[in-house]
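For reference, the structure is listed below as structure tokens.
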Amino acid sequence: MSGRSSFVEMVKAGRSVQVTALGDSLTVGHMVNCGYFPAFLDSIRRMNPDCEVRGSNHGICGDTARGGLSRFQSASRPYPDLALIQFGINDAFMGVSAEGFGRQIDEIAGLFLGLGSMVALVPPPPLRNLGDMAVVAPFVDACVRVATERRLPFAMYERGWCSDDRQSELWLDDGVHPSERGYRLMADSVLEALSLE
């Protein structure tokens with residue numbers, strides 16, 4: 001799939017890499033010291049300390065894919081070798097259709113690909129409340145369709161998140177935003193999607 005082997009090769013070769021994250025409060029790392037994006041960057045640095053890793057976090061709390069699309073120009077500077085696109089929860093609860101969301105994610109991905117950037121999709125992780133997760137599920141499916149059609153790396157969350165008791169330590173009190181442990185699982189899923197494990 002597009003972006004996997006080339007990004008791995010860049011990191012292993014010790015080349016400097018610019019990684020940009022475009023998303024909502026989960027990209028911001030809402031209410032924690034270390035969200036998924038800095039955890040992801042730290043893991044790359046540990047994988048090859050000779051690789052100079054620079055990150056640019058373009059997350060905004062409450063944002064949607066439409067908002068992300070409108071912010072593409074600022075998010076594309078500096079030019080990213082890898083762009084991580086993460087939206088879905090706000091879209092789901094603000095009345096956006098999953099089909100419209102998918103088109104917006106596809107457009108954002110296409111714009112980054114047009115720059116020559118590698119792209120990985122970071123869908124919403126599981127929510128603690130299964131009823132809320134049912135609302136978000138079609139938006140995860142939309143991300144899967146875009147990733148499949150464009151052959152993009154896609155973070156999958158089955159491992160670690162599956163629990164009959166919906167482990168409370170994976171989320172903050174709102175049951176939506178991950179705890180630092182949950183964000184670490186998100187970062188691990190992105191690394192796995194990029195074949196960095």
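The values are calculated or read from the model by the stated rules, or taken from the named source; none is laboratory data. In this text, all values refer to a predicted model and were calculated from it rather than measured experimentally. Cβ atoms come from the backbone with ideal geometry, glycine included; neighbour counts cover every protein chain shown. Keep in mind that these areas ignore ligands, DNA and RNA; they rest on the heavy atoms of the full protein, side chains included. Shrake-Rupley method; radii C 1.70, N 1.55, O 1.52, S 1.80 Å.
Calculate, for the chain, the solvent-accessible area per residue in square angstrom, rolling a 1.4 angstrom probe over the heavy atoms of the protein chains. If you can, show how the numbers build up before the last one.
Working: 8640 Å² over 197 residues.
Per-residue accessible area for the chain comes out at 44 Å².
Would you calculate the volume per residue, in Å³, of the smallest convex hull containing every Cα atom of region 82-139? Mind showing how you got there, number by number?
Details: hull volume 3.8 nm³, N = 58.
Enclosed volume per residue, from the Cα hull, is 65 Å³.
Stokes-Einstein D for region 16-76 at 10 °C, 1.306 mPa s, Kirkwood Rh over Cα pairs, in µm²/s? Don't skip to the answer; put the middle values down first.
Working: Rh = 12.2 Å.
This corresponds to a translational diffusion coefficient of 130 µm²/s.
How much of the DSSP beta bridge set in the chain is antiparallel, as a percent to the nearest 5?
Details: 1 of 18 bridges.
In the chain, DSSP labels about 5 percent of beta bridges as antiparallel.
So, in nm, how far is label Ser195 from label Asn129 when the simple model puts each one 7 Å beyond its Cα toward the Cβ?
So the label points at Ser195 and Asn129 sit 4.1 nm apart.
P(r) for region 53-159, please, calculated from all Cα pair distances in 10 Å bins and given in %.
15, 49, 31, 5
So what's the back-of-envelope 222 nm ellipticity for the chain, counting only DSSP H runs of four-plus at -39500 (n - 2.57) apiece and dividing by all residues, rounded to 500?
Details: 10 runs with 96 residues, N = 197.
-14000 deg cm²/dmol, from helical runs alone.
What number, in percent, do you get for the relative contact order of the chain if the mean sequence gap of Cα pairs under 8 Å and at least 6 apart is divided by its residue count? Display every interim value, and only then the final one.
On the way: 363 pairs, mean separation 52.1, N = 197.
Relative contact order comes out at 26 percent.
I'd like the carbon and sulfur percentage of the solvent accessible area for region 38-196, probe radius 1.4 Å, heavy atoms only, ligands and nucleic acids excluded. Mind dumping the intermediate values first?
Details: 3630 of 7030 Å².
Carbon and sulfur atoms account for 52 percent of the accessible area of region 38-196.
Treat each spin label as a single point 7 Å out from the Cα along the C-beta direction, and report the Arg54 to Glu9 distance in nm.
Each label point is offset 7 Å from its Cα along the Cβ direction, giving 2.3 nm.
Taking the Cα of Phe72, stepping 7 Å toward and past its beta carbon, and measuring to each backbone N in region 104-122: which are under 12 Å?
The answer is 104-116, whose backbone nitrogens lie closer than 12 Å to the label point.
Once the principal axes of the Cα atoms of the chain are found, what is the range along each, listed largest first in whole angstroms?
That gives 45, 32, 27 Å along the principal axes, largest extent first.
Under a Cβ-only charge scheme (Lys and Arg +1, Asp and Glu -1), can you give me the dipole magnitude of the chain about the Cα centre, in debye to the nearest 20?
Working: 18 positive and 24 negative charges, 122 e Å.
Magnitude of the dipole: close to 580 debye.
What does the extension gain come out to for Cys34 and Cys61, with contour length at 0.36 nm per residue minus their alpha carbon separation? Could the numbers behind the result be given before it?
Numbers: separation 27, 0.36 × 27 = 9.72 nm, distance 1.54 nm.
My answer for the length gained is 8.2 nm.
Expressed as a rounded percentage, what relative contact order does region 72-182 have, with Cα pairs under 8 Å and six or more residues apart? The partial results should precede the final answer.
Working: 129 pairs, mean separation 30.1, N = 111.
The normalised contact order for region 72-182 reaches 27 percent.
Using only the alpha carbons of region 1-107, determine the length spanned along each of the three principal axes and report them from longest to shortest in whole angstroms.
That works out to 45, 31, 23 Å along the principal axes.
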